[in-house]
1. Could you check region 125-135 and list, in sequence order, the residues that are under 17 Å from Leu171 (Cα atoms) and either surrounded by 21 or more Cβ atoms within 10 Å (Cβ to Cβ) or hydroxyl-bearing (Ser, Thr, Tyr) (or both)?
2. Which numbered condition trips up Glu9, out of (1) over 17 Å from the mean Cα position of the chain (by Cα); (2) surrounded by fewer than 22 Cβ atoms within 10 Å (Cβ to Cβ); (3) under 25 Å from Leu142 (Cβ atoms); (4) not hydroxyl-bearing (Ser, Thr, Tyr)?
3. Counting only residues that are touching a helix residue (DSSP H, G or I) at 6+ places or on another chain (Cβ under 6 Å) and in a strand (DSSP E or B), which one in region 118-147 is nearest to Asp84 (Cα to Cα)?
4. Condition first: closer than 28 Å to Cys62 by Cα, among the charged types (D, E, K, R) and assigned to a loop (DSSP other than H, G, I, E, B). Now tell me which residues in region 170-215 satisfy that.
5. Which of the residues belonging to region 159-208 are charged (D, E, K, R) and surrounded by 15 or more Cβ atoms within 10 Å (Cβ to Cβ)?
6. Answer yes or no: is there a residue in region 43-52 that is loosely packed, with under 15 Cβ neighbours inside 10 Å and in contact with a Leu (Cβ under 8 Å, 6 or more places away or on another chain).
7. May I ask you to list the residues in region 68-94 that are surrounded by fewer than 14 Cβ atoms within 10 Å (Cβ to Cβ) and either more than 19 Å from the chain's Cα centre (by Cα) or touching a residue at least 60 places away in the same chain (Cβ under 8 Å) (or both)?
8. So which of Ser212, Ser151 is touching a Pro at 6+ places or on another chain (Cβ under 9 Å), of a type in the set (Ser, Thr, Tyr) and under 18 Å from Thr16 (Cα atoms)?
Amino acid sequence: MEMNSGLPEFDLVLGTDTHVGKTIVSAFLLREMVPGEKTPAYLKPVLTGGRGEDPDSDPSRCQAMSGLSGHSFEWMFAFPDPVDPMTAARRSGASINPDAIREKIRLMADRHALVVEGAGGVLSPFFEGGGGILSAFRPGDLSRCRLHLVSHPHLGCLSQILCAICALKPLRIFCLHLVRRPVTDEWPLATSLNPDTLRSLLPSTPLRFHESPSS
C-alpha cells in the first residue's frame with residue numbers, strides 16, 4: 001500500500017462566512033512571499049457568481065490588491081449563480097471533483113509559494129453530499145499546510161470564529177485574521193473589546209488585523 005506523504009507546503013485561506021475578507025488576506029499573504037525561493041501563486045478552486053476573467057472576481061481582485069502582475073492567479077470551476085459551490089454546480093448541470101482540486105493544489109504547490117482561497121465559510125458545501133473544501137484532502141495532506149482563518153472584529157464575530165474553530169478540529173490554525181469592514185460601525189464597543197476577548201480565549205493563535213482597501 002502506498003503511504004500518503006501529504007501535500008507540499010501551501011497556505012489555505014478559509015473564512016467564517018462570505019465577504020469577510022478572504023481575498024484581502026490572500027493578497028496580503030502573497031505580498032509577504034516576495035521575495036522568496038518560490039514564485040508566489042494564487043488558486044481559487046471554485047468561483048460562484050461570475051467568471052474568473054471578470055474584473056470583480058476574486059482572482060482579479062487579489063491580483064490587483066497584491067500588485068503581482070505577471071504571476072499565476074488561477075481558478076478551476078466557475079459558475080454564474082451567487083450561491084454555495086455545490087448548489088451553483090448543480091444548477092449548471094455540473095459537479096466539482098475533489099480529486100481534481102487536490103491534484104491541482106499539489107502541482108501548483110510543487111512549483112510555487114501557493115495561496116489557496118476557499119469559497120464562503122468553512123463548511124460551505126462544495127461537493128455532492130455536502131462536503132466542504134476540507135473533504136477534498138486525505139489524512140496527512142495538510143500536515144505542512146498553513147491554515148488561515150478570516151473573520152471580522154465586529155459584533156457577532158465571537159460565535160462565528162469559535163464555531164469555525166470547532167469545525168476545523170483537529171487542524172491547527174496558523175493565524176486568525178480580522179478584517180475591518182468598510183461600513184459604519186454601529187457597535188464600536190464590541191469591535192474594541194472583541195480582539196482582547198479572542199486573545200484570552202485563543203492564547204496560542206496569532207492574531208492579525210487588516211483594513212479593507214475600500215474603508
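1. Gly132, Ile133, Ser135
2. Condition (1) is where Glu9 drops out.
3. Within region 118-147, the match that is nearest to Asp84 (Cα to Cα) is Ala119.
4. Selection gives Arg172, Arg181, Asp185.
5. Arg180, Arg181
6. No - not one qualifying residue is present in region 43-52.
7. Hits for region 68-94 are Ser69, Gly70, Pro80, Arg91, Gly93, Ala94.
8. Criteria check complete, one pass: Ser212.
The values are calculated or read from the model by the stated rules, or taken from the named source; none is laboratory data. All values derive from a computational prediction rather than experimental measurement. For neighbour counting, all protein chains shown are included, and Cβ atoms are generated from backbone atoms with ideal geometry for every residue, glycine included.
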